[in-house]
1. What's the local net charge at residue 258, with K and R +1, D and E -1, over the other residues with C-beta under 9 Å away?
2. Around residue 455, with a cut-off of 11 angstrom between Cβ atoms, what is the net charge of the other residues, counting Lys and Arg +1 and Asp and Glu -1?
3. Starting from 0.36 nm per residue, how many nanometres of slack lie between residue 491 and residue 511 once their C-alpha separation is accounted for?
4. Of 270/301; 270/372; 270/320, which pairs sit farther than 22 Å apart, going by alpha carbon to alpha carbon?
5. Roughly speaking, to the nearest percent, how much of segment 407-522's 1.4 Å accessible area is carbon and sulfur?
Amino acid sequence: MKHSQPYDESNGPTGVGSQSWKVLIADSQPELHDAVGRCLASLRHDGRGVECLSAFSAREATALFGQHPDIAVVLMDVGLEGPEAVQRLVAHMDKATATWAGPGLRPRLVLCARDPGQWPERAAFEAMTIDGYAVTEPLATDRLYGAVLSLIRLHASMIAQDRSQKGMARVMVSTAGIFELRSSHHFYFNLLLQINSLFNIVQDSLLFVVGDSAPKDEVMRIRAASGRFSALRNQTIAAIEDPRVAATVRDVFQNGRTVQTNEHFAFAIKTRYEVTAVAFIDGALGLSPMERQMIEIFRTKATTAFSNMMLIDELNASQKAAVFALARVAEYKKNVVQGHHKRIERLVGETAREMLQRSLHPDELDEDLVGKIGVASVLADIGMIVVPDQVMHSTRVLDGDSVELIRQHTIAGWEILRDAASMLRGRSILAIAAEIALSHHERMDGSGYPSRLAGASIPISGRIVAVVDVFDALISDREHREAWTVDAALSWVTEESGRLFDPLVVKAFRSVVARIREAEPDWLATDVAPPALAGKITTAKRDLRRMLDRITHLLN
């Protein structure tokens, strides 16, 4: 007799690898075992035959059931050590099956009797849960064959139903998480992860996306990858060296159909935003019809989640476009070089990210703020549109009235952005921008404006932008002075750490600048100031300190 593998929930109680339906014959008479074996020899269901397992006592039956939890039907003689022993054996099987697979997947039980008087059929059905009753002397082979086939069909349908329920549960769990994701990067990664986990597989997999780039194009880009494909993320389909993979993906993209072979499967997820994703899972999966149906259900739900995420992306892109349009207005007003705000955006965003990763001010920074603060920072000086040009571009030390006009730009910017943000729910980019506009000229020692906030009472967004804004101003040419070198500007910002600027922000900012200078030497000027310019910078630093002190005096 063959011994099957221990029960594996991923395969179900019959096991994908099982080649036959198992029937346990528990009877003390060897001739009955032979007769039943001959009777069921030709039985087949769903492409599988029958394997008969023989037990000649209740002890042997218990042992066999422990070795073969995938038994489908039990033919049990009522005279096997008496009715009480039979009841104990049935109770053991019910309990064991409930532990392994659930009560609905227990073996189907037929009680057999040579003499119906030993345990009448009606009394047997009333005493315990059985699925049939058969008289074995004489053995009605056709009737037994029909009864066993019927019970195998019932058992198979219960297995299919159980798998379907568990599969649907996995689909619901898998898709529930992706509905919460709000960034395309996280969405793509988790979508591929959930496809793999849906079928309890760890495979070489790819997720291609077409149409999510700006400006849109028809290039197929790899947005998520695992296994041997892991290094290909963000590359195009041209990076796929295996022609079999590339051909399958193109076929699915063009025809929108699901492709499954013994080597791989692939399917498409299309959104109403003209964006299409194609998932490709490599490996011999042998998916059943029910599992293929699960893929279709998952695809439907993932399409909805994908469309929602694309809508959020579109809204964020629209908000970002509006932000940069407003920022260009400020650039014209301030007469700064176009692109200045791109530098501000990157330095602020990367400084905030550095702080989050190093747990600097963890109570004030979170992923949402870090993801938005860079874009929001470009509107820091939008309020400058209310400042007269003769004041903004003055080359002399400002008097009290002029200082007051300058100070008003923070309040004006806050009011403009606050009113715009009120039309949006949650902590939008515009809401963060309003906070920055109002607070980025505050200083740690309370000497800033407009509210003379100090220390932690200044919002973290304002403290981050304060450092970057001053640094960027120092390394930029102005009408009344030449640009400082990066080293000179970093030195001055560091000197003022703790007095004007948050020391932890300065710490993170210096790390970001160092990393950028090493990786992209041309992105920031790195020349060391020649002696003549060094003298001018020293004088400029002294004048800047005097100007700051003068402003502080006027504000007080």
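1. So the environment of residue 258 carries a net charge of +2.
2. -1
3. 5.9 nm
4. Working: 270/301 11 Å; 270/372 28 Å; 270/320 25 Å.
From the list (270/301; 270/372; 270/320), the Cα-Cα distance tops 22 Å for 270/372; 270/320.
5. Details: 2470 of 4720 Å².
For segment 407-522, the apolar C and S fraction of the accessible surface comes to 52 percent.
The values are calculated or read from the model by the stated rules, or taken from the named source; none is laboratory data. Since the structure is predicted, the reported quantities are computational estimates derived from the model, not experimental observations. All Cβ positions, even for glycine, are placed from backbone atoms using ideal geometry, and neighbour counts span all protein chains on display. Each accessible area value is taken on the protein alone, full model and side chains, heavy atoms only, with ligands, DNA and RNA left out. Shrake-Rupley method; radii C 1.70, N 1.55, O 1.52, S 1.80 Å.
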